[in-house]
1. Which of the following residues is at pLDDT below 95 and over 20 Å from the mean Cα position of the chain (by Cα): B:MET1, B:MET85?
2. Scan A:GLN79, A:GLN8, A:GLN32 and give me the residue that is within 28 Å of B:THR124 (Cβ to Cβ) and not in a loop (DSSP other than H, G, I, E, B).
3. Please state which of the following conditions B:ASP15 fails to meet, knowing it meets all the rest: (1) of a type outside the set (A, V, I, L, M, F, W, C); (2) within 9 Å of another protein chain (Cβ to nearest Cβ); (3) over 19 Å from B:VAL108 (Cβ atoms).
4. Take the residues of the range B:28-54 that are touching a Lys or Arg at 6+ places or on another chain (Cβ under 9 Å) and more than 9 Å from every other protein chain (Cβ to nearest Cβ): which is nearest to A:ASP38 (Cα to Cα)?
5. Kindly indicate whether A:SER60 is at pLDDT below 90, over 14 Å from the mean Cα position of the chain (by Cα), surrounded by 12 or more Cβ atoms within 10 Å (Cβ to Cβ) and farther than 14 Å from B:THR54 by Cβ.
6. Quick one: which residue in B:ALA147, B:ALA154, B:ALA138, B:ALA158 is at pLDDT 95 or above and away from chain A (no Cβ under 14 Å)?
7. Do we have A:VAL55 as of a type in the set (Val, Ile, Thr) and away from chain B (no Cβ under 14 Å) here?
8. Look at the range A:51-69 and say how many of its residues are without any contact (Cβ under 8 Å) to a residue 24 or more places away in the chain and assigned to a loop (DSSP other than H, G, I, E, B).
Amino acid sequence: MDAYEIDQIARLIAALPPAPVGWVTAAQELPQARRSLDILIERAAADAELKARLVADLESALAESGIAPTPRNLDVVRQRLRSV
Amino acid sequence: MLTDAEIVAACRSGDAEAWNLLVERFSRYIYAISVQGFRFSLHDAEDVFQDVFTKVYEQLPRLRDDSAVRPWIAQLTRRTCIDRMRSQSREGASVDEEAVEPIDLEDVVAMLDEALAIRAGLETLPDNCREILDRFFARDESYRTIADALALPAGTIASRISRCLDMLKSVLEDSDVPLRPVAG
């Protein structure tokens, strides 16, 4: 067996360490988070009071709806609220 | 093991498990491009990581060739990293000059492409081999830590690693994965 090849394989395995578990979990939960946002925006479109609450204090309103008020989620909702 | 194209097709049809697989398959790759290719801090790398997967989720329905998902993700990651550096420059943040002009980015991405091919071979090994090679090389765990985690005698870890590497080499040779010398 060629030691260099084995060494090369070992280096290439080492080149891809795992991303932190929390990052991976957050990315995997993205579709669910988006569905929750979709529902919230639909409700806001039909409920002026909810929309006003979202505009006034988006972070708290998201948290109350069980949606993590991450910068990304805040951006998405702000953008979509403009067209509601 | 599902191919990239099969995973992409399943994601498009709303298969939640396929999305989990896609994230699992490419999470290390995206992480490595931002940290090794662009030398981002963990904080910046995390933002890039989530931004890239957000873009993948939003744009996947428009991907023309399902089998080209890897180069597409690589490109998305590079663009996201560059956008982030530009944004930090505009905001006057202290930016590492070397990081602004990543050295040998093409080489780093080419090496990571090979590493991804090796990982595909790794995924075909029995669980015990995959686990031991990943823990030792990718997670940088000691023989003792691996032995404790897998309930194995510490004295057998080195020989197991050697046997599993041999097995992986055979798998790679059978699958014609092209290897080239790696610098460093």
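1. B:MET85
2. So the residue among A:GLN79, A:GLN8, A:GLN32 that is within 28 Å of B:THR124 (Cβ to Cβ) and not in a loop (DSSP other than H, G, I, E, B) is A:GLN8.
3. If we test B:ASP15 against (1) of a type outside the set (A, V, I, L, M, F, W, C); (2) within 9 Å of another protein chain (Cβ to nearest Cβ); (3) over 19 Å from B:VAL108 (Cβ atoms), just (2) comes out false.
4. Filtering first and then ranking leaves B:VAL48.
5. Considered against the rule, which asks whether it is at pLDDT below 90, over 14 Å from the mean Cα position of the chain (by Cα), surrounded by 12 or more Cβ atoms within 10 Å (Cβ to Cβ) and farther than 14 Å from B:THR54 by Cβ, A:SER60 comes out as no.
6. It is B:ALA147.
7. On the way: of a type in the set (Val, Ile, Thr): yes; away from chain B (no Cβ under 14 Å): yes.
So A:VAL55 fits the description; yes.
8. 2
The values are calculated or read from the model by the stated rules, or taken from the named source; none is laboratory data. These numbers come from a predicted model, not from an experiment. Please note: Cβ atoms are built from the backbone with ideal geometry, for glycine as well, and neighbour counts cover all protein chains shown.
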